[in-house]
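Structure record follows, encoded as structure tokens.
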Amino acid sequence: MAERNQTSRQQRSWYQSMWRWHFYAGIIFAPIFIILAVTGSIYLFKPQIEDRLYSEMVFTEESGERVPLEKQVQAVTEKYPQATVSSIGQFEEADRTTRMGAMFGEEAGFVYVDPYTAEVTGKRVGEGPLGFIKTIHGELFAGKVGNLLVELAASWAIILLITGTYLFWPRGEQGSFKRVFFPSFKKKDGSRNFWKGLHGSVAVWSTLGLVLIIGSGLAWSGVAGEWINTVATKTNSNFPQYAFGPDETLTSQIVTKDIATDIPWATQNDVVPTSGPAKPLTMSVSEADVEARQLGVIKPYQITLPQGEQGVYTISSLHSNPMNEKTMHLDQYSGTVLSSVTFADYGLLAKMISMGIGFHEGKLFGLLNQLVGLALCLGLIFIVVSSVVLWWKRRNGAGKLTAPKRAVDQRVKKIVAGLILLISLTMPLAALSVITIIVLDLLIFSRRRNKSQGVAA
């Protein structure tokens with residue numbers, strides 16, 4: 001009997017310990033989860049939204065031969081003398097205009113040009129309404145601090161999904177495994193059990209997809225992103241420097257993300273080679289465009305123009321499918337390929353992250369990917385809302401909201417804390433916060449509990 005009671009006590013302590021971690025993390029980060037899910041579900045449909053918002057700029061009618069890119073650039077500078085064109089976006093659809101990335105003083109924007117007439121169809125400065133949504137999604141409109149909060153919340157979301165799976169997993173009840181995926185809607189189960197079943201089932205159905213979305217999103221974050229990139233570089237599972245390049249001595253201190261936008265994650269930190277000694281004549285934009293197509297770059301892609309005498313032409317594909325990604329640097333004088341990196345050249349970790357980012361952005365398998373992403377965002381919103389409903393329905397007899405009870409077995413409590421720490425070690429901010437919580441519990445809260453127990457005695 002004593003042994004059975006001890007086993008029951010340990011099982012109850014496991015559940016209580018997991019529940020307290022799950023409960024407090026959920027309560028603290030619930031508002032951020034809602035914000036990320038709402039903004040993420042909107043940003044998933046960025047291509048369709050922007051096509052609708054800027055339809056008069058981005059669409060035209062196919063009519064004969066295309067005007068050389070030089071004349072299109074000239075049309076932009078004539079229309080906007082203060083503009084400095086920095087990149088040219090080429091798209092595969094014949095009814096799309098040419099997108100010119102440009103700087104207007106200190107502000108970045110886009111100018112759209114009809115490729116058949118060289119007529120400027122419009123311009124936009126900044127990222128527009130979707131840029132506002134992106135800023136909220138990435139940093140809660142609070143700069144670096146906001147980015148750290150988003151990263152911390154995302155890291156804890158993974159811990160919540162793991163602990164939640166443990167809490168919802170069936171324990172000995174006959175036929176209860178079915179309820180993991182298909183909740184009961186019978187009235188006899190009671191209102192709270194109904195919400196609990198629905199909360200758990202939606203979470204279980206969503207877990208894999210949410211882990212993929214959250215994990216790939218961490219690749220962009222301030223701390224985890226740098227950590228992931230460092231690990232990938234140190235283990236040679238990121239990208240090869242100067243793949244197929246003829247001269248590794250032509251180096252610079254500039255990385256690709258410093259000179260170009262809309263480039264693959266795996267090549268953002270690739271060091272940009274430099275063009276050879278300056279010559280009287282440089283390649284024209286049209287020649288660089290022809291060179292890119294001859295080298296197998298398929299539209300859509302972007303040509304980033306050289307900056308300075310040692311600058312290079314950077315060709316980066318804009319394909320939605322990461323497996324079609326390609327980033328090239330061409331000598332601006334000779335057209336020599338200084339660097340060429342494709343998806344096939346990525347290391348294992350870079351391939352996994354690139355595929356994850358494609359899924360995160362809803363680009364991996366078209367509209368279906370967007371709809372799956374939307375379903376996951378709506379699922380996350382429901383999980384958060386239903387958790388609040390469960391907490392409300394869990395009020396005690398006095399009508400007060402309460403937290404889960406503390407574990408009665410201190411050994412189990414420490415083991416669970418150790419497991420949570422182990423899980424968090426792959427996410428720097430989460431690990432730091434877990435260590436902080438454990439230290440505070442040992443140094444402050446444990447002393448308070450001991451004092452209160454001493455007074456009670």
Item to check | Euclidean distance of C-alpha centroids, segment 54-88 and segment 281-320, integer Å | outcome: 16 Å
Item to check | Cβ-defined net charge surrounding residue 370, 11 Å radius [Lys, Arg +1; Asp, Glu -1] | outcome: +1
Checklist entry - Taking R0 as 25 Å, what's the FRET efficiency between residue 279 and residue 254 from their Cβ-Cβ distance, rounded to 0.05? => result 0.75
Checklist entry - Considering lysine pairs in segment 311-423 that are 8 or more places apart or on different chains, how many have Cα atoms under 28 Å apart? => result 8
Checklist entry - Here are some values of Kirkwood radius over Cα pairs in Å: (i) 23.5; (ii) 22.1; (iii) 25.4. Which one was computed from this structure? => result (iii)
Item to check | FRET E, pair residue 24, residue 86, Förster distance 60 Å, beta-carbon r, rounded to 0.05 | outcome: 0.80
Checklist outcome for this item: Pseudo-spin-label distance residue 324 to residue 406, built 7 Å along Cα→Cβ, given in nm, is 5.9 nm
Next on the checklist: Can you return the aspartates and glutamates within cross-link range of residue 134? Criterion is Cα-Cα under 14 Å, with same-chain partners fewer than 8 residues away left out.
Outcome noted: 50, 361
Checklist entry - What is the calculated FRET efficiency for residue 436 to residue 205, with r their C-beta to C-beta distance and R₀ = 30 Å, to the nearest 0.05? => result 0.35
Checklist entry - If you stretched the chain out fully between residue 12 and residue 367, how much longer would it get, using 0.36 nm times the residue separation minus the C-alpha to C-alpha distance? => result 123.3 nm
Checklist entry - Once the dipole of segment 1-144 is set up with Lys and Arg at +1 and Asp and Glu at -1 on Cβ about the Cα centre, which of 102, 22, 42 lies farthest towards its positive end? => result 22
Checklist entry - Of the accessible area of the chain, with the probe set at 1.4 angstrom, what percent is carbon plus sulfur? => result 61 percent
Next on the checklist: Quick check for me: using +1 on Lys/Arg Cβ and -1 on Asp/Glu Cβ, what's the dipole size of the chain about its Cα centre, in debye to the nearest 20?
Outcome noted: 4760 debye
Checklist entry - Within the chain, which is the longest segment containing none of the GluC sites (Glu not before Pro) that sit in a DSSP loop and have at most 14 other Cβ atoms within 10 Å? => result 310-457
Checklist entry - Treating the beta-carbon of each Lys and Arg as +1 and of each Asp and Glu as -1, no other charges, what is the dipole magnitude of segment 321-433 about its Cα centre, to the nearest 20 debye? => result 1220 debye
Item to check | Relative contact order, percent, the chain [alpha-carbon distance under 8 Å, six or more residues apart] | outcome: 19 percent
Item to check | Dipole magnitude (debye, nearest 20) for segment 25-178, charges at Cβ of Lys, Arg, Asp, Glu | outcome: 740 debye
Next on the checklist: Could you tell me which residue out of 261, 313, 207 lies farthest along the dipole of the chain toward its positive end? Charges go on the beta carbon: Lys and Arg +1, Asp and Glu -1, centred on the Cα centre.
Outcome noted: 207
Checklist outcome for this item: The extension gain from residue 226 to residue 299, computed as 0.36 nm times the residue separation minus the Cα-Cα distance, is 23.2 nm
Checklist entry - On average, how much accessible surface per residue is there in segment 70-129, in Å², for a 1.4 Å probe, leaving out ligands, DNA and RNA? => result 46 Å²
Checklist entry - Extension gain residue 191-residue 236, at 0.36 nm per residue separation less the Cα-Cα distance, in nm? => result 10.9 nm
Next on the checklist: Can you tell me, using C-alpha contacts under 8 Å and at least 6 residues apart, the relative contact order of segment 319-412 as a whole percent?
Outcome noted: 18 percent
Item to check | Signed unit charges on C-beta, dipole axis of the chain, positive-most listed residue 286, 57, 383 | outcome: 383
Item to check | Inter-site label distance for residue 414 and residue 71 at 7 Å from Cα along Cβ, in nm | outcome: 8.0 nm
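The values are calculated or read from the model by the stated rules, or taken from the named source; none is laboratory data. Because the structure is a prediction, the values reported are computed rather than measured. Every residue, glycine among them, receives a Cβ derived from its backbone with ideal geometry; neighbour counts consider all protein chains shown. Only protein heavy atoms, including side chains, enter the accessible area calculation; ligands, DNA and RNA are left aside. Shrake-Rupley method; radii C 1.70, N 1.55, O 1.52, S 1.80 Å.
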